Amino acid sequence: MDSSINVMSDEEVQNIRSALEEGDLCTATERLGNSLREIENAPLNIAIMGESGTGKSTFVNVIREMDDEEEGSAKTGVVETTMKPTPYNHPQYPDVIFWDLPGIGTPDFAADIYLQSVEFSRYDFFIILSSERFKKNDIDLAKAIQAMHKKFYFVRSKVDSDVHASMIRRKKSFNEENVLNEIRSNCIQSLKDGGITEPKVFLLSLLELEKYDFQKMQETLEKELPEHKRHIFLMCIPNISLPVLEKKRQALRKDVWKWALCSYAAPVFSVLSVPSGAQILMTVMIGYQKAFGLDENSLKKLADKFSKDVSELRSVIKSPIVIEEINEEIVNTLLETYASDNAIDQYLRILLCNLESVAIPFGTAYQTLCDFLNKIAEDAERVLMKALESPL
């Protein structure tokens, strides 16, 4: 097996290898299945907080790639619209929940009481928004979160408005990078003055999320999350840059061998009503389509966001199969294309000599998934570049 596999712990991988060596494929695939389910369905609760008018609800919407007027979006407005913690599930990954918390701008704000009232313990980490310099309430809240040993991050929103204003008022001396550095330094200094030793501040445009520090924020959060929650966090990140698409490809690539083995061993689990090998692969491919935003709904949203026609985006897709409705017939056609008989399959056949049939050869399933993943990732890159292309 691939020595680069690292989503599972060394102990889990060794247990699976031992099970295979002992001829216990049922145990091996059961462990794999449990591991994959835990990775795909890991719950993630993210708290979004800050004073009224800082863009909390807008952030909840844009991070889920939703318009403010779309059904299921967080209610936005110039006054506080959130009176209690309100959960918003990610439309593609329902186990990822963004919590829009009530504003913290009251004069008698008490951080510890506030955290208690919003059920502090349910959240994996906190994002504190401000549309200007961070104030005492923001700092008190961060200190209370820190005292309870949870992660928090500061987001300076509406940066695009400040950049635009500076461009108008400083026509001769305007320099965007200097403006951003000035905003960042101001935020960091105000937090340090308030007693936050190493504040993590990210500058964002909620209208154009791909600008400024979004990628840096994504990389920081991904790195600091518990290992079993990194995968689901990365999958739910909007596909707004080539580095994000490449990270998704690499993360999904690590699981290919597991899905291939599960599809290979599907007959072992027939008594447990587990789907067939083709159905397992079909589910995985639909997941790839969802992760890279090449399902019909995601393509339409991307086209609307960048004022493009969907046909423009489709025109750069080289493998039409990646945007089709994936079904068992398509999966079986792909399996025939990559039919193989390699050393791993020969070894597994010996282990499974007591079975009447094997659903799909491991090597065939593995190569099919690898090729489909590569094609969909490459097409997603082409689609994004087309969406970002300026009109002539």
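The values are calculated or read from the model by the stated rules, or taken from the named source; none is laboratory data. Please read all numbers here as calculations on a predicted model, not as lab measurements. Please note: Cβ atoms are built from the backbone with ideal geometry, for glycine as well, and neighbour counts cover all protein chains shown. Just the protein is used for accessible areas: all its heavy atoms, side chains included, with ligands, DNA and RNA removed. Shrake-Rupley method; radii C 1.70, N 1.55, O 1.52, S 1.80 Å.
Below is a table of values for the structure above.
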read-out: Candidate set from the stretch 41-76 (those that are of a type in the set (Val, Ile, Thr) and under 21 Å from the mean Cα position of the chain (by Cα)); member that is farthest from Leu209 (Cα to Cα); value: Ile46
read-out: In the stretch 165-175, residue farthest from Ser131 (Cα to Cα) [restricted to those that are surrounded by 13 or more Cβ atoms within 10 Å (Cβ to Cβ) and either of a type outside the set (A, V, I, L, M) or touching a residue at least 60 places away in the same chain (Cβ under 8 Å) (or both)]; value: Phe174
read-out: Meets criteria (out of contact with any helix residue (DSSP H, G or I) (no Cβ under 9 Å at 6 or more places or on another chain) and either surrounded by fewer than 19 Cβ atoms within 10 Å (Cβ to Cβ) or modelled with pLDDT under 90 (or both)) for Ser273; value: yes
read-out: Failed item in (1) in contact with a Ser or Thr (Cβ under 8 Å, 6 or more places away or on another chain); (2) modelled with pLDDT of 90 or more, with Gly103 passing the rest; value: (2)
read-out: In the stretch 184-203, residue least open to solvent (accessible area, probe 1.4 Å) [restricted to those that are closer than 22 Å to Ser161 by Cα and of a type in the set (D, E, K, R)]; value: Arg184
read-out: When residues of the stretch 279-329 are limited to those that are under 13 Å from Asp379 (Cα atoms) and of a type in the set (Val, Ile, Thr), the one least open to solvent (accessible area, probe 1.4 Å); value: Val322
read-out: Residue in the stretch 285-299 that is in contact with an Asp or Glu (Cβ under 9 Å, 6 or more places away or on another chain), more than 22 Å from Lys386 (Cα to Cα) and of a type in the set (Gly, Ala, Ser) present; value: yes
read-out: Residue list for the stretch 330-344, filter: surrounded by 13 or more Cβ atoms within 10 Å (Cβ to Cβ) and in a helix (DSSP H, G or I); value: Ile330, Val331, Asn332, Leu334, Leu335, Ile344
read-out: Residue match in the stretch 262-269 (condition: free of Cβ contacts under 8 Å to residues at least 12 places away in the same chain, among the β-branched types (Val, Ile, Thr) and assigned to a helix (DSSP H, G or I)); value: no
read-out: Strands (runs of 3 or more DSSP E) contained in the stretch 28-138 and holding at least 1 residues more than 30 Å from Ala265 (Cβ to Cβ) and open to solvent by less than 30 Å² (accessible area, probe 1.4 Å); value: 44-50, 96-100, 125-130
read-out: From Phe125, Phe174, residue being modelled with pLDDT of 90 or more and either among the aromatic types (Phe, Trp, Tyr) or over 27 Å from the mean Cα position of the chain (by Cα) (or both); value: Phe125
